[in-house]
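Working notes, structure below.
The values are calculated or read from the model by the stated rules, or taken from the named source; none is laboratory data. In this text the structure is predicted, and so the values were computed from the model without any measurement. Glycine gets a Cβ as well: all are built from the backbone with ideal geometry, and neighbour counts include every protein chain shown. Surface areas here come from the heavy atoms of the whole protein model, side chains and all, with no ligands, DNA or RNA. Shrake-Rupley method; radii C 1.70, N 1.55, O 1.52, S 1.80 Å.
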Amino acid sequence: MENRIEKVQDVVDLIDKVGQKGFLYRGQSKHEYGLTPSLGRYLDKAKERGFDLDSKCEHALSIFQSELPEYYGKQLNSEMELLALAQHHGLPTKLIDWSLSPLIALYFAVEKSSNQDAALFVLDTNKAKLKWLHDRNYQQQEAEELDSFIYMPRHVTTRLKSQQGVFTYHKKYKKDQGDLGFITKYIIPGKYVNSIRFQLLCLGITEKVIYSDLDGFCRDLKFSHFNGF
């Protein structure tokens, strides 16, 4: 039977059913995209145009690193922190974004009003047995030897902090990681997307909270005063 979410209460019931910590959550506005590292979405284009995707990624990341001081004043502690920051701002990488909060992940699933089915992915870290890396225990050599791991970044941006961001790293960034035994996919039928977003709004999960900057604040005002449901 297909796992479905039709209202916020279904997510609350899911948490009650699980009854333990150790889960990561990811929301996607289109369920058919599958669970793919952002770099993996360019595999077909790389094959079609005949370029090496890893080289493209390394080159783009080098440029990002060299020009970062113009946009960002804080010191980064590791290459992985650089990768997480790049991913967070939209650069394709071998990372997948997750949240520690199921409601925040649910918000991202229903953020865009449409009739398309969305999805909520739930990763059981207890079953996954993936190593957790963070700035205190991160070693580049160890990371390079792992095919996949969970990375808990410092919350170096307000958005990362607000979104309770966590990442999984995938050396082999194939198109869909969702067939792994420790990940469960829940379909959110398109006809319930707007009602779930309204429920989240009533619970205080809004763009102002998710993005926690002037852009998010103004998007929140724009939605509540001009667009609405």
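Please work out the C-alpha center-to-center distance from region 83-115 to region 1-65 and express it in whole Å.
Cα centroid to Cα centroid, the span is 8 Å.
Return a whole-number percent for the relative contact order of the chain, with Cα pairs under 8 Å and 6 or more residues apart as the contact set. Numbers along the way, then the final one.
Values: 351 pairs, mean separation 70.7, N = 229.
Relative contact order, the chain: 31 percent.
Take the cross-link list 21/56; 131/222; 30/129; 30/161; 45/131 and give me the ones stretching past 30 Å between alpha-carbons.
21/56; 131/222; 45/131
Please identify the trypsin sites (Lys or Arg not before Pro) of region 103-172 that satisfy two criteria: DSSP loop assignment and at most 14 other Cβ atoms within 10 Å. Which are they?
Those that pass, being in a loop and sparsely packed, are 112, 129, 131, 136, 171, 172.
Counting each DSSP H run of 4 or more residues in the chain as -39500 (n - 2.57), what helix-only mean residue ellipticity at 222 nm follows after dividing by all residues, to the nearest 500 deg cm²/dmol?
-11500 deg cm²/dmol
On the principal axes of its Cα set, how long, how wide and how thick is region 116-221? Give whole Å, largest value first.
Ordered largest first, region 116-221 gives principal extents of 46, 31, 23 Å.
Calculate, for the chain, the solvent-accessible area per residue in square angstrom, rolling a 1.4 angstrom probe over the heavy atoms of the protein chains. If you can, show how the numbers build up before the last one.
Numbers: 12960 Å² over 229 residues.
In whole numbers, the chain has 57 Å² accessible per residue.
With a 1.4 Å probe and every protein chain kept in, tell me what percent of the accessible surface of the chain is carbon plus sulfur.
About 50 percent, which is the carbon plus sulfur part of the accessible surface.
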